[in-house]
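**Student:** Right, I'll just put the structure down here and ask away after.
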Amino acid sequence: MHYLICHKSDHWQSATPCFEGLFLPDTEFDSLVQDMLFTFALWHVLAKLAMHTDSSLALLKGTTCDLANLLRQFRNDSAHKFRARETPLEAQRRVRRATNLGISSSGGRRSKVFNLSTFKFHAMGHYVPYISVFGSTYNYDTAWVSGLVSTHSLLLDLTLIGRMNSAFVPLTKPTNAPPSWTLSHK
């Protein structure tokens with residue numbers, strides 16, 4: 001698991017040959033998938049640079065625009081060329097949810113399209129301004145936090161920090177404090 005977390009960027013490099021020729025009867029769609037994978041890899045490398053310059057941020061901004069256009073084209077083309085439907089499990093969950101709410105729902109599997117209206121895709125447009133303000137994204141990664149810190153140990157750490165802060169409250173109170181600043185113990 002540690003290898004998968006650390007070497008996530010290597011997967012972009014190894015994924016491109018796996019997708020090459022997968023949609024071969026349709027060469028236009030195959031080249032779209034290849035372009036999209038390359039642009040994703042380029043965007044990922046630019047976003048994770050340890051140090052950014054004005055030119056690297058301009059390149060990241062341009063790559064983000066290119067990637068957004070490719071993703072929209074992929075959504076439109078794949079919706080027309082492939083008939084995707086819910087899995088049987090998704091359909092069962094949808095029907096069960098509807099019956100629990102008292103709404104009638106058909107048991108058939110609905111068609112699905114590639115959804116670009118998620119926070120993950122929305123946030124990509126904010127990388128350049130955030131890097132300009134807060135610095136490189138190379139320094140932090142949510143995968144490390146979720147992999148190394150369990151919820152239980154995090155709660156214990158927060159509890160200890162709270163106890164330490166409350167232990168130092170009497171030491172940090174000014175000696176000549178007005179009566180309104182003193183702690184009242186009831």
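Computed from the coordinates by the stated procedures, all read-outs in this text should not be read as laboratory data. Quick caveat: nothing in here was measured; it's all calculated off a predicted structure. Virtual Cβ from ideal backbone geometry, glycine too; neighbours counted across all protein chains shown.
**Student:** Would you please give the FRET efficiency between residue 105 and residue 54, computed as 1/(1 + (r/R0)^6) with r the Cβ-Cβ distance and R0 = 35 Å, to the nearest 0.05?
**Tutor:** Numbers: r = 53 Å, r/R0 = 1.51.
For R0 = 35 Å, the calculated efficiency reads 0.10.
**Student:** Take every Cα pair under 8 Å in segment 59-118 that's 6+ residues apart, average their separations, divide by the length, and report that relative contact order as a whole percent.
**Tutor:** 42
**Student:** If you don't mind, another one. Ranked by Cβ crowding within 10 angstrom, fewest neighbours first, how are 44, 126, 52 ordered? Let's see the in-between values first.
**Tutor:** Numbers: 44 15, 126 10, 52 19.
Lowest to highest Cβ neighbour count: 126, 44, 52.
**Student:** Ok, one more. Around residue 73, what is the net charge, scoring Lys/Arg as +1 and Asp/Glu as -1 over all other residues with Cβ under 14 Å from its Cβ?
**Tutor:** Details: positive: 72, 75, 81; negative: 26, 28, 30, 35, 66, 77.
It works out to a net charge of -3.
**Student:** Just add up the charged neighbours of residue 109: K/R +1, D/E -1, any other residue whose Cβ is under 12 Å from the Cβ of residue 109.
**Tutor:** Value of the local net charge: +4.
**Student:** Related question: Among residues other than residue 20 whose Cβ falls under 15 Å from its Cβ, what is the net charge (Lys/Arg +1, Asp/Glu -1)?
**Tutor:** Working: positive: none; negative: 26, 28, 30, 35.
So the surrounding residues net to -4.
**Student:** OK, next. Within segment 24-57, whose backbone N sits under 15 Å from a point 7 Å along Cα→Cβ of residue 138?
**Tutor:** 44-57
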